[in-house]
Amino acid sequence: TEIHAQQQTLPGTERLMEPQAVFIRDDYRGSGKLEDKVALITGADSGIGRSAAIHFAREGADVAVMYLSEEEDAQETRRLVEAEGRRCLLLAGDLRDAAFCRNAVAQVVETFGGLNILVNNAGTQWVSEDLTTLEDVQWEQTFATNMHSMFYLTKAALPHLAEDDTIINTTSINAYIGPEFLVDY
């Protein structure tokens, strides 16, 4: 299998990827594990978030898709969720904004009548080979996107979750400082 590096500006656009990502296997059969549940997934317009949205829909959940600005990607995720026979709500906005996060949770509860699953998946990263060249504003924006949003959404969602409901927080290897940032003094 040939590996191709993806080169895009942030946020990335799923439809521009080459090769195209596979989000769900055709032979995957849902078993109703999430029948009549409601899931709110950040970063669900593309990548792992889109894959989770489609899998959750195939398992019987209605899905709210939170995304920043990738409208075409979000519409495609909606099409794929609805093709599974489930409802899909699109919520565009900046996860760094606490009010947006609170309003998004409220809109999900109003639209679907509740919330059972929160997936904090959205994240951003700025590649830097040298910690001393990482701009302060990039650090602050990354932390606000990757950490503050998780706090804002979890805080807003908790009053709506019951005993058997769940919150899933994801991260990547980029959340950890690698050996390239070790400095000898």
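Among the residues making up the range 68-82, a single one is in contact (Cβ under 8 Å) with a residue 40 or more places away in the chain and of a type in the set (Ser, Thr, Tyr): Ser69. Against the conditions (1) among the charged types (D, E, K, R); (2) open to solvent by less than 50 Å² (accessible area, probe 1.4 Å); (3) touching a Lys or Arg at 6+ places or on another chain (Cβ under 8 Å), Arg86 satisfies every one except (3).
Please tell me if Val65 is in contact with a His (Cβ under 8 Å, 6 or more places away or on another chain) and either among the charged types (D, E, K, R) or modelled with pLDDT of 95 or more (or both). No. Taking first residues from the range 129-152 that are modelled with pLDDT under 85 and hydrophobic (A, V, I, L, M, F, W, C) and partners that are assigned to a loop (DSSP other than H, G, I, E, B) and surrounded by 12 or more Cβ atoms within 10 Å (Cβ to Cβ), the Cβ contacts under 6 Å between residues at least 6 apart in sequence or on separate chains come to Leu134/Ser128.
For the range 127-135, the count of residues that are surrounded by 19 or more Cβ atoms within 10 Å (Cβ to Cβ) and in contact with a helix residue (DSSP H, G or I) (Cβ under 7 Å, 6 or more places away or on another chain) is zero. Looking only at the range 109-121, which residues are buried (at least 22 other Cβ atoms within 10 Å of the Cβ) and either at pLDDT below 95 or outside any loop (DSSP other than H, G, I, E, B) (or both)? Across the range 109-121, the qualifying residues are Leu118, Val119, Asn120, Asn121.
Only one residue in Thr77, Thr124 is open to solvent by less than 10 Å² (accessible area, probe 1.4 Å) and among the polar types (S, T, N, Q), so which one is that? I'd like the intermediate steps shown before the answer.
Details: Thr124 fails: open to solvent by less than 10 Å² (accessible area, probe 1.4 Å).
Exactly one residue qualifies, and that residue is Thr77.
In the condition set (1) modelled with pLDDT of 95 or more; (2) not in a helix (DSSP H, G or I), Gly30 is compliant with all but (1). Among the numbered conditions (1) modelled with pLDDT under 95; (2) under 16 Å from the mean Cα position of the chain (by Cα); (3) not aromatic (Phe, Trp, Tyr), the only one that Cys88 does not meet is (1). Just one of the listed residues (Ala156, Ala106, Ala99) is of a type in the set (Gly, Ala, Ser), under 16 Å from Val38 (Cα atoms), out of contact with any Lys or Arg (no Cβ under 6 Å at 6 or more places or on another chain) and at pLDDT 85 or above, namely Ala106.
Every condition in (1) crowded, with 19+ Cβ neighbours inside 10 Å; (2) without any contact (Cβ under 8 Å) to a residue 40 or more places away in the chain holds for Val105 except the one numbered (2). Take the conditions (1) open to solvent by 70 Å² or more (accessible area, probe 1.4 Å); (2) closer than 14 Å to Ser149 by Cα; Leu95 misses just one of them, which is (1).
The values are calculated or read from the model by the stated rules, or taken from the named source; none is laboratory data. This one's a predicted model, so the numbers in the text were calculated from it and none came from an experiment. Cβ coordinates were reconstructed from backbone atoms using ideal geometry, including for glycine residues, and neighbour counts include every protein chain displayed. Accessible surface areas use protein heavy atoms only, side chains included; no ligands, DNA or RNA. Shrake-Rupley method; radii C 1.70, N 1.55, O 1.52, S 1.80 Å.
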